[in-house]
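Every read-out reported here was derived from the displayed coordinates using simple, explicitly stated rules and does not represent laboratory data. Quantities reported herein were computed from a predicted structural model and do not represent experimental measurements. Neighbour counts run over all protein chains shown; Cβ positions are idealised from the backbone, glycine included.
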Ligand SMILES: Cc1ncc(C[n+]2csc(CCOP(=O)(O)OP(=O)(O)O)c2C)c(N)n1
Ligand SMILES: [Mg+2]
């Protein structure tokens, strides 16, 4: 049944579940945070979840994703284990990195989550390496790498786009442009704040900007780029303009911090993609999804709380240098 132009009901159902699940996982993480049970810093993607959900909706099991320290959404959207994420937040032995990575370093190899990194931009060249391996394997696999607007100012971003274009690598660069690198707005960092796509194009990487937070427009762009890559086409970049609702790091809001007003956030909150996609469903269907999501999260928190911490003799295991 068509509920919104091309969007059919089971699609809306699938996308809403993914969005709602990520939103609630991060809200629950924020609620737990004040208890000090979560030892890791947390960079929440609340308000930006739809970018990961839309891009990962075009990916398949054998594809890879990588991202920054703000990667809970990417990890969950690609199918990373929720109990594994929650236990990792608690530093437990059952965490996706055995409690050694925390929120900023999350990996699920079985789900195609190659990892996330706290070093701004460092995931970008690593993704190109995965894409080179994927190209050589010749199985039509692609890599999507998520990065912030600040990461586009790192030297490795330019080097990687040039290399990826030159070698026609199947890598989709997904820039989540939330307008800030910590507290510094784009206009104070770039002579041409709107120039991220132009930079990519100049390096030989086709680029599309989606400036209104529309999940379906992002997904359409990702679908056409990924389809082309599977057939041997080279890299592409999507710049998704988004807004970060919470503080840069930590569970709170920071509109009294002096660097951005709440009035700037309100239009984004009114256009909340989670609510917009949810509105495509019948109220009863939406309620059922919400209940299932809450039950899954409650179980993941229980798992994390009851899991053991790593044994002291594990301290140097898997440490390579
Ligand atoms: C190489 C490097 N330089 C500086 C930092 C400090 N730092 C951490 S987050 C951040 C801002 C990055 O902003 P952006 O890429 O836009 O991502 P967002 O936090 O907005 O998602 C900076 C400068 C770092 N972690 N790594
Ligand atoms: Mg940013």
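Does the range 197-245 come out rounded, prolate or oblate by the C-alpha gyration tensor, with a ≥ b ≥ c the root eigenvalues, rounded set by a/c under 1.5 and, if not, prolate when a/b is larger than b/c and oblate if not?
Oblate, because a/c is 1.5 or more while a/b does not exceed b/c.
Based on a Kirkwood Rh over C-alpha pairs, give the Stokes-Einstein translational diffusion coefficient of the range 41-114 at 20 °C and viscosity 1.002 mPa s in µm²/s.
Values: Rh = 12.0 Å.
So the translational diffusion coefficient is about 178 µm²/s.
Return 192, 244, 24 ranked ascending by Cβ neighbour count within 10 Å, so the fewest neighbours appear first.
Taking fewest neighbouring Cβ atoms as first place, the list is 192, 24, 244.
So what is log10(I(q)/I(0)) for the range 93-181 at q = 0.10, 0.14, 0.19 1/Å, when the Debye sum runs over its Cα atoms only?
For the requested q values the scattering log ratios are -0.28, -0.53, -0.91.
Sort 80-91, 31-42 by the packing proxy (mean of other Cβ within 10 Å over each peptide's residues), most packed first.
Result, highest mean Cβ count within 10 Å first: 80-91, 31-42.
For the chain, what is the convex hull volume of the alpha-carbon atoms per residue, in Å³?
Looking at the chain, the number lands at 139 Å³ per residue.
With the crude spin-label approximation of a point 7 Å out along Cα→Cβ, what separation in nm comes out for residue 259 versus residue 224?
Going by the 7 Å Cα→Cβ label model, 3.5 nm.
Based only on other Cβ atoms within 10 Å, what is the fewest-to-most ordering of 182, 238?
182, 238
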